[in-house]
Amino acid sequence: MRIYSRILGTGSYLPANRLTNADLAAQLAQQGVETSDDWIVERTGIRARHFAADQQGSSDLATEAARKALAAAGIGADDLDLIIVATSTPDMVFPSVATMVQHKLGTAGCPAFDVQAVCSGFIYALTIADSMIQSGSAKRALVIGSEVFSRILDFKDRTTCVLFGDGAGAVILEASDQPGILATDLHADGKHKDILCVPGHVNQGGILGDPVLKMDGQAVFKLAVGVLEETARASLAKANLTDADIDWLIPHQANIRIMQSTARKLKMSSDKVVVTVDQHGNTSAASIPLALDTAVRDGRIQRGQTLMLEGVGGGFTWGSVLLRY
Ligand code: UT7
């Protein structure tokens, strides 16, 4: 009998400090950087984002999201036998955010590690957890996407600093004979590294290179629209389903125009797309589990429905997870 990974519970966390476009524009204006609510809304769909407090790291956001997911699943941290965190903004170079979350949850012993696939990180992490559950090496997994992108933004670059926010989202997966994750699809192509990257690194006690986000927005946009359709179709084909079978599309939340274009290509109406980019901005690896938790908690997503989760990000990396909720 096939073993499936089933979502037992979801959770998310947003830092208290919420900035509307007008708030951010006013702060940027003080540094001579010009932007506007109109431009940001029209080009991206973003209206607000949350920024972590100085003392909050990815592990703090991740732990809050994990606690809510554990509560929703009705299990304790000691019941977990796997913790994976997707992040590109870890608290430290090492150890991993996952081991910090494990400790903050008051448990120990199970494997815990980070996955770095930028905005596709949660899709990668979910796929790895699903493989470990299917192989029998894990029964209950905590999978988190957590980011503090505010730490790697260049607030003098208006083409990028208005786009991103901080947050975390988490799911608890459990081995089950009921579906479950139906199909997964992952890809990467390293030749695109320069169109979306943070080129700095720690070197001999200092920083070598520029430790802030650089993006060629239009190049990323074009690539994203193509691969998001391809990966959705690949997962559907693996599960012998068609686009008509998808109840909810939960894409990476980067730009409303990318999401609408993907929905059109999959012949889905826009009211079947879960959109949180307006309230959260682009939270990279956290964006998909944040959107998922939002739609679970507001009652849109119901048990038995078919969900298409898909992401694309730096590397380039991209992929999808098709599941029965
Ligand atoms: O998470 C990873 C995935 N990331 C993405 O998916 C991002 C994909 N790319 C995008 O979402 C869009 O390309 C952006 C939102 C980044 C940019 O939108 P765009 O429609 O491609 O705008 P653009 O770069 O062509 O810029 C248009 C104009 C430029 O002015 P000129 O040269 O036409 O005079 C920019 O300088 O808008 C200007 N501009 C701004 N104006 C006000 C750029 N940023 C801003 C800003 N406020 N924040």
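Screening the candidates 139, 156 for the property of being within 12 Å of the ligand (Cβ to nearest atom), open to solvent by 40 Å² or more (accessible area, probe 1.4 Å) and among the charged types (D, E, K, R) yields one hit, 156.
A quick yes/no check of all residues on (1) of a type in the set (S, T, N, Q); (2) touching a Leu at 6+ places or on another chain (Cβ under 7 Å):
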| residue | (1), (2) |
| --- | --- |
| 272 | no, yes |
| 283 | yes, yes |
| 287 | yes, no |
| 304 | no, no |
| 308 | no, yes |
| 316 | no, yes |
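In the stretch 32-76, the qualifying residues are those that are within 16 Å of the ligand (Cβ to nearest atom) and in contact with a strand residue (DSSP E or B) (Cβ under 7 Å, 6 or more places away or on another chain), and the one that is most open to solvent (accessible area, probe 1.4 Å) is 47.
Examine the stretch 179-186 for a residue that is among the acidic types (Asp, Glu), assigned to a strand (DSSP E or B) and surrounded by 15 or more Cβ atoms within 10 Å (Cβ to Cβ), and state whether such a residue exists. Yes, because at least one residue in the stretch 179-186 is among the acidic types (Asp, Glu), assigned to a strand (DSSP E or B) and surrounded by 15 or more Cβ atoms within 10 Å (Cβ to Cβ). Take the residues in the stretch 1-15 that are outside any loop (DSSP other than H, G, I, E, B) and among the hydrophobic types (A, V, I, L, M, F, W, C), then tell me which one is least open to solvent (accessible area, probe 1.4 Å). The selected residue is 7.
Considering each of 304, 315, 299, 281 in turn, give the residue that is on the phi > 0 side of the Ramachandran plot, open to solvent by 10 Å² or more (accessible area, probe 1.4 Å) and touching a Phe, Trp or Tyr at 6+ places or on another chain (Cβ under 9 Å).
Matching residue, one of 304, 315, 299, 281: 304.
For residue 298, all conditions in the list (1) touching a helix residue (DSSP H, G or I) at 6+ places or on another chain (Cβ under 9 Å); (2) more than 18 Å from residue 44 (Cα to Cα) hold save one; what is the number of the exception? Of (1) touching a helix residue (DSSP H, G or I) at 6+ places or on another chain (Cβ under 9 Å); (2) more than 18 Å from residue 44 (Cα to Cα), only one is false for residue 298: (1). When we screen 254, 263, 295, 291 for residues that are over 20 Å from residue 220 (Cβ atoms) and of a type in the set (Gly, Ala, Ser), the only hit is 295.
When each of 90, 111 is tested for being open to solvent by 10 Å² or more (accessible area, probe 1.4 Å) and farther than 26 Å from residue 325 by Cα, the lone residue that passes is 90. Apart from one condition, residue 242 fits all of (1) over 30 Å from residue 2 (Cα atoms); (2) without any contact (Cβ under 8 Å) to a residue 24 or more places away in the chain; (3) not basic (Lys, Arg); the exception is (1).
Filtering the stretch 231-243 to residues that are surrounded by fewer than 16 Cβ atoms within 10 Å (Cβ to Cβ) and either within 16 Å of the ligand (Cβ to nearest atom) or charged (D, E, K, R) (or both) leaves only 238. The listed residues are 261, 270, and the only one of them that is surrounded by fewer than 19 Cβ atoms within 10 Å (Cβ to Cβ), within 16 Å of the ligand (Cβ to nearest atom) and free of Cβ contacts under 8 Å to residues at least 40 places away in the same chain turns out to be 261.
Conditions tested, residue by residue: (1) in the same structural domain as residue 66 (by TED's automatic domain parsing); (2) modelled with pLDDT of 95 or more; (3) surrounded by 16 or more Cβ atoms within 10 Å (Cβ to Cβ).
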residue: 148; (1), (2), (3): yes, yes, yes
residue: 192; (1), (2), (3): no, yes, yes
residue: 196; (1), (2), (3): no, yes, yes
residue: 199; (1), (2), (3): no, yes, no
residue: 220; (1), (2), (3): no, yes, yes
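Take the residues in the stretch 16-31 that are of a type in the set (A, V, I, L, M, F, W, C) and within 24 Å of residue 290 (Cβ to Cβ), then tell me which one is surrounded by the most Cβ atoms within 10 Å (Cβ to Cβ).
The extreme case among them is 24.
The values are calculated or read from the model by the stated rules, or taken from the named source; none is laboratory data. Because the structure is predicted, anything quoted here is derived from the model rather than measured. Because the Cβ atoms are built from the backbone with ideal geometry, glycine has one as well, and the counts that use them run over all protein chains shown. These accessible areas exclude ligands, DNA and RNA; they are computed on the full protein's heavy atoms, side chains included. Shrake-Rupley method; radii C 1.70, N 1.55, O 1.52, S 1.80 Å.
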